[in-house]
Amino acid sequence: MPRMLDVSDAVRAEIGDEEADRLLAGENAPGSYDCTSCRTPGDSEQERTSTVLFVGDETAVLAFAHASCLPSQVVQVTEEQLQGAVRSIGGSAPGVGEPHQAVPEQAVLGVTSGLVLIEGELHPALVVEPTAPIVRPGSTAAGDDFLPLLIEQGYMPVTELVTVPPVLHGWSVLLAVGQLHAVLQPGTNGGQPVAWWQAHQPLQVTDSWRAAANKHQQVLMFAAPVGSIGRQPREDLLRQALDKAAANGKLVAAALPLAGT
């Protein structure tokens with residue numbers, strides 16, 4: 001039976017048309033799998049499934065994810081991270097045609113909600129920090145391109161939190177039934193917005209955060225590279241970490257319109 005697989009153009013370009021067609025025909029795709037994003041079981045015969053190709057310097061590993069968790073994509077990783085992920089689940093590194101749920105950690109974005117005081121008013125904010133460096137797609141160089149990639153999307157560098165950042169049109173924060181579901185970005189060629197980040201399970205936000213979001217009809221999104229913010233247990237500590245990241249030139253921000261209620 002053909003699988004309900006999504007194979008993006010980028011993944012197809014990496015693995016070749018023949019391999020992609022075999023996957024879509026169900027020859028090489030697994031029936032059941034563990035989602036590379038949320039780690040829960042999936043079934044490519046029953047639900048839409050994304051192919052996610054992790055590419056190191058010498059090795060490529062194909063993994064699978066619920067389409068609701070991740071779009072089909074190519075993720076550049078270091079060879080060390082890729083080999084470490086493969087070793088951690090046993091066996092040697094497979095080739096592209098051998099499906100394997102190896103999950104490099106740097107594909108994960110940590111999201112924290114909190115209220116931020118700017119110009120005497122409390123604003124709802126989301127703080128996004130990856131768990132490891134983010135490398136530009138297609139790049140084999142070491143480093144962290146997380147902030148440059150966001151700046152190219154329209155996010156603005158922040159050196160101090162004294163004014164509300166400008167609105168980034170086309171992006172939005174999806175809030176439904178009082179829970180945080182996703183950060184949406186513009187679709188390609190003016191298409192429907194797609195999830196830039198999506199919660200594995202809807203995240204609860206405080207009543208005060210939701211009230212501020214409804215008042216302003218927008219959410220401030222701050223992003224910083226790995227190690228800049230950390231998981232802060234209180235909003236005052238979160239603010240201190242944001243101020244420090246801004247002063248160190250490691251913070252970008254934008255105001256994203258609110259989608260939902």
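The values are calculated or read from the model by the stated rules, or taken from the named source; none is laboratory data. Quick caveat, the model's predicted, so the values are computed rather than measured. Here the Cβ is made from the backbone with ideal geometry for all residues, glycine too, and neighbour counts use every protein chain on show. The protein model used for the area step is the full one, side chains on, heavy atoms only, and it has no ligands, DNA or RNA in it. Shrake-Rupley method; radii C 1.70, N 1.55, O 1.52, S 1.80 Å.
List of remarks:
- Surface calculation, 1.4 Å probe, protein heavy atoms: V164 sits at approximately 50 Å² accessible.
- Estimated FRET transfer efficiency (E45, A211; beta-carbon r; R0 51 Å; 0.05): 0.70
- Solvent-accessible surface of protein heavy atoms, probed at 1.4 angstrom with all chains present, puts H169, H200, H181 in the order H169, H200, H181, largest first.
- Residue-span extension gain [L109 to E14] - 0.36 nm each, minus C-alpha spacing: 31.8 nm
- For region 118-261: Kirkwood Rh in Å [reciprocal of mean 1/r, alpha carbons]: 15.8
- Virtual spin-label span in nm between L149 and L117, 7 Å along Cα→Cβ: 3.5
- For V162 and S32, a Förster radius of 35 Å and the Cβ-Cβ distance give a FRET efficiency of 0.10, rounded to the nearest 0.05.
- Paramagnetic label reach from A247 (point 7 Å along Cα→Cβ; backbone nitrogen cut-off under 16 Å): within region 141-163, residues 158-162.
- Simple label model, 7 Å out from Cα along Cβ direction - R234 to N189, nm: 5.3
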